[in-house]
Every structure is written in structure tokens, then in C-alpha cells.
1. Relative to the present Cα-Cα distance, how much length would full extension add between LYS159 and LYS179 at 0.36 nm per residue of separation?
2. Quickly work out the GLN54-to-SER204 label distance, labels modelled 7 Å from Cα along the C-beta direction, and quote it in nm with one decimal.
3. Would you please calculate the Kirkwood hydrodynamic radius of region 159-203 over all C-alpha pairs and express it in Å, rounded to one decimal?
4. In whole percent, and with a 1.4 Å probe on the protein chains, what portion of the accessible area of region 174-269 is carbon and sulfur?
5. For the chain, just the Cα set please: Rg and Dmax, both in angstrom.
6. Testing the spin-label approximation: label points 7 Å from Cα along Cα→Cβ at ASP47 and ASP70. State their distance in nm.
7. Which whole-Hz couplings ³J(HN,Hα) result when phi for each residue of region 178-189 is put into the Karplus expression 6.51 cos²θ - 1.76 cosθ + 1.60, θ = phi - 60°, listed in order with x for Gly and Pro?
8. Once you keep just the Cα pairs under 8 angstrom separated by 6 or more residues, what percentage relative contact order results for region 127-242?
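The values are calculated or read from the model by the stated rules, or taken from the named source; none is laboratory data. Not measured: the values here are computed from a predicted model. With ideal geometry, Cβ positions are generated from the backbone for all residues, glycine too; neighbour counts draw on all protein chains shown. Protein only, heavy atoms only, side chains kept; ligands, DNA and RNA dropped before computing areas. Shrake-Rupley method; radii C 1.70, N 1.55, O 1.52, S 1.80 Å.
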Amino acid sequence: MNDNRLVSLIVSTYNRPDALALVLAGCARQTDRRFEVVVADDGSTEDTRAVVEQAAKSLTVPVEHVWQPDDGFRAAAIRNKGIARARGDYLIFLDGDCVPQPDFIARHRRLASAGALVTGSRILLGPELTEAALARRVDVIRSPAAFWLRQRARGQVNKILPMFVKLPDFQARRVNGFKWRGIKSCNLAAWAADVATVNGFDESFTGWGHEDADFVLRLHNAGVVRKNGFMATEVLHLWHREQPRDSENSNRQRVLARLADGCIEAERGLAQSGVD
């Protein structure tokens, strides 16, 4: 998709306003300006609202804020609220602790093609580098290669090559069949029309785990091709402690059942969420 159609960047967040502020600063530096930001807030306090309001004043692209009460980990539900608010033909899902590089929107636009979704990639930052970035002691968006070489030597970043080598769209990006590896809703893109066909994310998935794999699986069952966004779409994933994973196994079993039965529509998705 090399045209000028509007892209909606849906940024999920929960009570991490310092990280969200850094992500929105990355949004402000995008080379592709034909996009909007929808902050999908899973019940954060007023500190997060203040960050969004400040970004709405400073960014030169539209910024929206959708919120739901804090009632546990409900990522699927808040993403559906973000989808309902989005105006773009193409949706990019990003987590509020994943800082986009300046060409993030542009690279996703180049990889977008009819009947396809893109699973993006990420670069993991360590705790010390994350702390320095959040304190604005370092600028992780514009730091030179020498800085990243030092951080790699210190073990504060897991890879650096994708920051400096960007590959175009090519046949090897296509993922044949359904594969779990590389599915992360912290960096994922799909056409709004395809998302509507599968009824969005399934809100019956609660607690941490695999609501994103379920989403990609149902798109796969609907005939949407998956493309891998490696060496093009990488985001800088700020370090954080892992979420409790009590629900992971049961959610995984549900995805496996849907792989077997060919399920396409979410059990409780966009049509059942009650959002306009």
C-alpha cells in the first residue's frame, strides 16, 4: 500500500504513563504523516489521561483516547474499543511500551497488501537502558550506531542490525500456514475490513495470553495471508516484569480448538462489545 490512505495506530496501555509518553514521542517523529493515534487504555489512572491530552496538543496528527474501567487484564476488549474509534482503512496495533522508529508507519505502509496481515518485530531493551530512556537521559529514537554497539556489548539490547538494515517486501516474508512463532499484538497490522470480517479480538479471552494468536488464527481461517515484518518494522520494547500467566494454558487450548474447527468470527467481539 503505497497510497495516501489513512492508517490508524492503536496503542494499548495500562498505567505506564512514562512509557506511553516515550511511545507518543516516537509517533511525533514519524516520517509518514498520514496516520492517526488511538490510545486504547485498559483502565489507567488520570496520569495516563494527562499524557494523552498533552500529546494531542503537541502532535500534528489526530490523537484519540478510549478508556474502560480497570477490571483485570482485558486487552481484547480495549483493542476492540480502539478499533471502533479508528477511522483508517489500515490498522496497526502497538503496545504502549514499544517505541516506534521514525520510519515505522512508512515501513508498515510499504508492506501492506490486499488480503494480508503483517506481524511486526521488536528489539528488546534491558532494564538499565529502559530506565535511562524513560528518564530521557538517552534518546533511543535517534541514538547513533556507536551507542547501540555499546549497549549490545553491555547486554542491554538483544539485537541491533534491524535498526540499520531495512529490507523491502519480498516473497520470503510470506508465512505458509498457521504458525505461533512471531505473533505479538505489540506490533501487528491488518486491514480494517478484514478485522471486521473476523469480528475483531475475542473478548472472551481474559487474563494474559494468546488473544493475539486467536486473532491471527481467525484471520488465517478467513483466508488472510500472513507476512513477517522482520528487518523493517522493529519497535524498541521497553523492559518490564512479566504479567502473571495463570490463564495461558487454557487460552492456548482454545486457540488449538479453533485451529481444528476453522473458526472465523470472535465469540464476543466487535459486534457484541456495544461500542459505536
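1. Full extension of this stretch gives 4.9 nm more.
2. If labels sit at SER204 and GLN54, their model points lie 4.2 nm apart.
3. 13.6
4. Details: 2030 of 4250 Å².
The C+S portion of the solvent-accessible surface of region 174-269 is 48 percent.
5. Both quantities, over Cα of the chain: 17.7, 51 Å.
6. Distance between label points: 1.0 nm.
7. So the J values, rounded to whole Hz, are 8, 10, 5, 4, x, 7, 8, 6, 5, 7, 8, 9.
8. 35
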